[in-house]
Amino acid sequence: MSVCRLKNAIGRKVKKLRLEKGLSQEKLAEFVNMSREHISCIERGRNLASTETLYVLAKFFEIDIKDFF
């Protein structure tokens, strides 16, 4: 899988999980101590989330980190 496709797949998963919880990007960012802009860039596939970021998001969404892949 190319990096571009990986970024897009992770972004779609983060957005799906966020919407399932009924959260805005702002609220998710607040809960995981990140900026709304960073969440937005991840969801749009502009940024590849770091391992640390994926860990924090996985913990928040109560999923295994491997579920992002």
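What the table shows:
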{"item": "Scan of the stretch 13-23 for residues that are open to solvent by 40 Å² or more (accessible area, probe 1.4 Å) and in contact (Cβ under 8 Å) with a residue 12 or more places away in the chain, ordered by number", "result": "13, 15, 21"}
{"item": "Number of the condition not met by residue 45 [criteria: (1) open to solvent by 20 Å² or more (accessible area, probe 1.4 Å); (2) at positive phi; (3) not aromatic (Phe, Trp, Tyr)]", "result": "(1)"}
{"item": "Single residue of 6, 54 found to be open to solvent by less than 50 Å² (accessible area, probe 1.4 Å), touching a residue at least 60 places away in the same chain (Cβ under 8 Å) and out of contact with any Lys or Arg (no Cβ under 7 Å at 6 or more places or on another chain)", "result": "6"}
{"item": "Test: residue in the stretch 24-35 that is closer than 19 Å to residue 9 by Cα and either exposed (fewer than 13 other Cβ atoms within 10 Å of the Cβ) or aromatic (Phe, Trp, Tyr) (or both)", "result": "no"}
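The values are calculated or read from the model by the stated rules, or taken from the named source; none is laboratory data. Model, not experiment: these values are computed from the prediction. Backbone-built Cβ (ideal geometry, glycine too); neighbour counts: all protein chains shown. For the accessible areas, the whole protein counts, side chains as well, though only heavy atoms, and no ligand, DNA or RNA atoms are used. Shrake-Rupley method; radii C 1.70, N 1.55, O 1.52, S 1.80 Å.
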